[in-house]
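Asker: Can you keep this structure in mind? I'll have questions shortly.
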Amino acid sequence: AAAALPEFRRVFTMKLRALASPVLALLRRLSPPPPPPPPVQSTLWDGLAPALLAVLVCWLLPALLYVRFAREGTATSTGAGSAARAGAGRHRGVLYGSLSSFLSVTAMAVMFPFMQVRRDALGCDALCQGGQTSLRSALTLVGAAVIGRASDRVGRVPMLWVGTAASLASIVISLSSDSLTGMWLAVVPAALLNQNFSVCKALFSDYIDEAGGTDADKAGAVGKLGMAVGFSFMVGPILASALISDYRRALLLSAAITAASSVFLLLLPTPSKLSRQQRGGGGGGSSSAGLTGFLSLPVLKLRGAQLLMLVRLKMALAFHMFAPVWQVSIRARFDFGPRDHAQFMGLVGLTYALSQGFIAKPLVRSFGDKVSRLLLLCILVLGGARPVALYTQSVGVVYACYVPMVIALGVMNTAITTAASRLAQKEQLGGFYGVMESVENVAGMVGPALGGLLARVDGFPATLAAVVCFYAAAFVLVALFFSTHVSGAAAAEAAAKSRATSEAAAAKQAAV
């Protein structure tokens, strides 16, 4: 009996389990499932860490560069010539113009959060919105060249008043007309006549030339303007969300800010007027000759000017072709929501503004006459970082790629603007800047459609290959021709002017 007891226990346990298993299975089906584990709570640091780390790493070298050149500038700012150059870099007209541009663009940006709601309320569908975008681009294409040239003939400050008045006219049309037709009409005045950004660049160049400044001073002035515009795109929507809640109040706030920007236009000093010979003819010319003189722009015949326009076109095409692919890619990889997009675009806007305000001038000064090397470096960063940003699966890598790309874009735009001011004479500079803006508008009209079409045909690789090819073409053009046709031509013109000034002084002294 003792030997049979273990065998009895084993058999009894097996039968008991066989009888209890259906009951246990029924109880499991009837009982509710256990609650899932609580989700991992993401802290604020988890969302901001990639952006903060990217800023820390990618802004370290530019910050050190800025501190270095600031110390060198302080150490060498002795003597009358250095004091004059320092004054050129801090011209009061640059400050007032930057403040006016900041308020003017802020007035436009406060309407951004309400524009889509307004379009939906008026029944403006995708075709309507696309048509308005095309109309705005076409009008800006024409207005940039015409207003820029008019600033050469009539004056920079009067054209700034024209642009401010055009913005107010668009706001008045929007306030007085509650229809889709009024929305279309409101596009016309501001898009056609408000070209204050390019006019301000020409005006700042006039200020720096009068004060005897250098190319680095011009880069710093244009950088301050770009920084003001960049900050205004950030401040406008924040101001709108904090103060107003509907489209009509946004229009009223925009009108008030636009009127406030005109106060700084009253404070702008007027540059010295051009001589009759510089204007291109006497007062007895016919209206036909005057119109021909207005439309003609001899600087466009220079190889250096053509090179700058071609480089700007290729860079703008690459930028606009990449934009639609990038939006789709970042949504698919990281499921970017509104908060993520706001954080990303805020970082991009802040980086672009700071790069133009604090980094461009020290870099242009450090490279001196070798500006082509700076442009080549910027093109390498722009073209080389885009494939990594498009295919990486890490948000931190995306931020780490985009911060130096945006810095390179801001520095390159400032360097090209400075180079353009060395090629064009004062009486042609506004028109030349206007033509450069028109070239960018052409790229803005063609680039997104071309990039989307390539992506539909062969996916992201086709668009990315085209973008990289445009950057490569711009790299080759700058490497082969920039030093000869831009830097060399500007140096030769400066030497000729210096020689002519010396000869005129010698002749005057001999006559005395």
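Asker: Could you compute the net charge surrounding GLY447? Neighbours are other residues with a C-beta less than 13 Å from the C-beta of GLY447; K and R count +1, D and E count -1.
Answerer: +1
Asker: Using only protein heavy atoms and a 1.4 Å probe, report how much of GLU210 is accessible, in Å² to the nearest 10.
Answerer: Accessible area, nearest 10 Å²: 90 Å².
Asker: At 1.4 Å probe size, put LYS218, LYS314 in order of accessible surface, largest to smallest.
Answerer: LYS314, LYS218
Asker: Next question. Cα atoms only: what Rg and Dmax, in Å, come out for the range 340-405?
Answerer: 13.6, 41
Asker: Any chance you could look up the accessible area of LYS370 with a 1.4 Å probe, heavy atoms only, rounded to 10 Å²?
Answerer: Looks like 110 Å² after rounding.
Asker: Compute the Rg/Rh shape ratio of the range 194-277: radius of gyration over Kirkwood radius, all on alpha-carbon atoms.
Answerer: Answer for the range 194-277: 1.09.
Asker: Let me ask something additional. If you project the alpha carbons of the range 393-466 onto the principal axes, what extent comes out on each, in Å, largest first?
Answerer: If we take the Cα atoms of the range 393-466, the spans are 50, 29, 14 Å.
Asker: Oh, and also: Which log10 I(q)/I(0) values does the range 113-172 give at q = 0.16, 0.19 Å⁻¹ under the Debye formula, counting every alpha carbon as one identical point scatterer?
Answerer: Values returned for q = 0.16, 0.19 Å⁻¹ are -0.68, -0.83.
Asker: While we're on this one: Per the 1.4 Å probe, what fraction of the accessible area of the range 147-271, in percent, lies on carbon and sulfur atoms?
Answerer: C and S atoms contribute 70 percent here.
Asker: Then there is this: If amide H atoms are built 1.01 Å from N in the plane of the peptide, which residues on other chains or at least 5 residues away come under 5 Å of the amide H of GLY213?
Answerer: none
Asker: On a C-alpha basis, how far is the centre of the range 469-483 from the centre of the range 144-214 in Å? Whole number, if you could?
Answerer: Measuring centre to centre over Cα atoms gives 32 Å.
Asker: Which log10 I(q)/I(0) values does the range 341-500 give at q = 0.11, 0.18 Å⁻¹ under the Debye formula, counting every alpha carbon as one identical point scatterer?
Answerer: Calculated log10 I(q)/I(0) at the listed q: -0.54, -1.32.
Asker: Continuing with the same structure: Going by Cα centres, the range 309-338 and the range 389-430 are how many Å apart?
Answerer: 14 Å
Asker: Now for a different question. Quick one: 3J(HN,Hα) in Hz for the range 377-385, Karplus 6.51/-1.76/1.60 with θ = phi - 60°, rounded, Gly and Pro as x.
Answerer: Couplings: 4, 5, 5, 4, 5, 5, x, x, 7 Hz.
Asker: Same structure again: Quick one: which of 469-481, 345-357, 12-24 comes out on top by average Cβ neighbours within 10 Å, and what's the full order, highest first?
Answerer: 345-357, 469-481, 12-24
Asker: From the convex hull of the Cα coordinates of the range 427-487, what is the mean projected area in square nanometres?
Answerer: If I average the Cα hull's projected area over directions, I get 5.2 nm².
Asker: Using the structure shown, select from LYS301/LYS370; LYS201/LYS224; LYS218/LYS370; LYS224/LYS361 the pairs with a Cα to Cα distance greater than 21 angstrom.
Answerer: LYS301/LYS370
The values are calculated or read from the model by the stated rules, or taken from the named source; none is laboratory data. The shown structure was predicted, so the numbers you read here are calculated from the model rather than taken from an experiment. So basically every Cβ, Gly included, is an ideal-geometry build from the backbone, and we count neighbours across all protein chains shown. Protein only, heavy atoms only, side chains kept; ligands, DNA and RNA dropped before computing areas. Shrake-Rupley method; radii C 1.70, N 1.55, O 1.52, S 1.80 Å.
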